[in-house]
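For reference, the structure is listed below as structure tokens.
The values are calculated or read from the model by the stated rules, or taken from the named source; none is laboratory data. Just so you know, these numbers come straight off a predicted model, no measurement behind them. Reconstructed Cβ throughout: ideal geometry from the backbone, glycine too, with neighbour counts over all protein chains shown.
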Amino acid sequence: MEAAFEYTLDVVAPVAGARRDAYVLDNLDVSLRFDMARLTGWQDTTIFVHALNNSGDAPNDEIATLQGVDNIEVARQSARLYELWIERGFGPLSLRAGLYDLNSEFYSNESAALLIAPAFGIGSELAATGANGPSIFPSTALAVRAAFELSAQSQIKLAVLNAAAGVLGDPGGVDTSFDAGALIIGEWSWLGSTHINLGAWAYSDRQDDIRDLNLAGDPQRRRAYGAYITLERLLIGEAGAPRALSGFLRVGASEGDTTPFDGGWQAGLVVQEVWDNRPASVISIGVNQGYLSAKYQANERDLGALSADAESALEVTYADTIGHLTIQPDIQFIHQPGGARDRDDVVVTTLRFSAAF
């Protein structure tokens, strides 16, 4: 059995473009991984349990961006059973079933992991979908995932997930009805000198259109679908060596009928072991844009707002570890926050403390 414990505490303080205040929020992760071959003799079988607890403030309620400013902020503070799945390997094929975090294997890349803005975790055009969000932090859904190793450098994955996310700790708990249909996602990965992920996703059931109404005055029902590509490459140095520089680029698009977004992109750089005497020192810079759909902009104009084409952000962050404690100062610059063309830019500072065991 492998056990992991990680506690993260953030102090978020806007310094321009929003009310100056300090917001404190935290996230506790506890996970257990059971090698069932050693415990019971079930060969190539793993059971994984992951619980989390979130408490504290919600800084984006005041800062009011569309894509968020902190990847541990939640709409509802609670303890949750986040993941509970079993995986079985059959040579090059593996099958996983249970409560499953889509973003743990899809639409993700390692070089973006240090950045705090939620847009660097999963593209906003997918994160905003579903009745209550897809199966990502902080609430997952029942799912089945298959992964097949095509070669030493190539893999294909397919997952079918309940379109209604919900876990123990959420109102209503785990949804087992699948009344909202399913989210289906596939991804092909190439693990050469440039890591490439090419993915596509769609919902089985139609979703509410954010603008168009039918004759009864109810939202039209539309197909929700999209695609994405992520690229990641070591640019300078050798992996694990001091001052090794890696970069990433991600681009996603969706139909633009069922969420405020019809696409977006993220790009960034990360330097490992910045200082010779600080092997855990890391610095990263990232930029992102979430493109707003024509229908969302039309809705905003109807309300008298001056809608922008996109919300854009720049983030710079540095982290270093002393023993089990990691300290990470971070600053974000957000242009046209909330997709408002006439709103001042926002500057947000964050000081993150995390301890892992």
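Some notes on this structure:
- Any hit, the stretch 30-39, residues being surrounded by fewer than 16 Cβ atoms within 10 Å (Cβ to Cβ), basic (Lys, Arg) and closer than 27 Å to Ala356 by Cα: yes
- Count of residues meeting criterion [acidic (Asp, Glu), without any contact (Cβ under 8 Å) to a residue 60 or more places away in the chain and closer than 18 Å to Asn299 by Cβ] in the stretch 210-238: 1
- Residues located in the stretch 164-183, provided they are acidic (Asp, Glu) and either touching an Asp or Glu at 6+ places or on another chain (Cβ under 6 Å) or crowded, with 19+ Cβ neighbours inside 10 Å (or both): Asp175
Results for (1) of a type in the set (Ser, Thr, Tyr); (2) modelled with pLDDT of 95 or more; (3) surrounded by fewer than 17 Cβ atoms within 10 Å (Cβ to Cβ); (4) part of a helix (DSSP H, G or I), shown as yes or no for each residue.
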site	(1), (2), (3), (4)
Gly263	no, yes, no, no
Ala267	no, yes, no, no
Val271	no, yes, no, no
Ser284	yes, yes, no, no
Tyr291	yes, yes, no, no
Gly304	no, no, yes, no
Val316	no, yes, yes, no
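- Extreme residue, nearest to Leu142 (Cα to Cα), among residues of the stretch 83-113 that are more than 12 Å from the chain's Cα centre (by Cα) and surrounded by 23 or more Cβ atoms within 10 Å (Cβ to Cβ): Leu99
- Those residues of the stretch 170-224 which are among the charged types (D, E, K, R) and more than 22 Å from the chain's Cα centre (by Cα), in sequence order: Asp179, Asp205, Arg206, Asp208, Asp209, Arg211, Asp212, Asp218, Arg221, Arg222, Arg223
- Residue within the stretch 239-257 that is within 23 Å of Ser204 (Cα to Cα), touching a residue at least 60 places away in the same chain (Cβ under 8 Å) and surrounded by fewer than 22 Cβ atoms within 10 Å (Cβ to Cβ) present: yes
- Selected residue [surrounded by fewer than 22 Cβ atoms within 10 Å (Cβ to Cβ) and either of a type in the set (Ser, Thr, Tyr) or touching a helix residue (DSSP H, G or I) at 6+ places or on another chain (Cβ under 6 Å) (or both)] from Ser139, Ser151, Ser135, Ser124: Ser151
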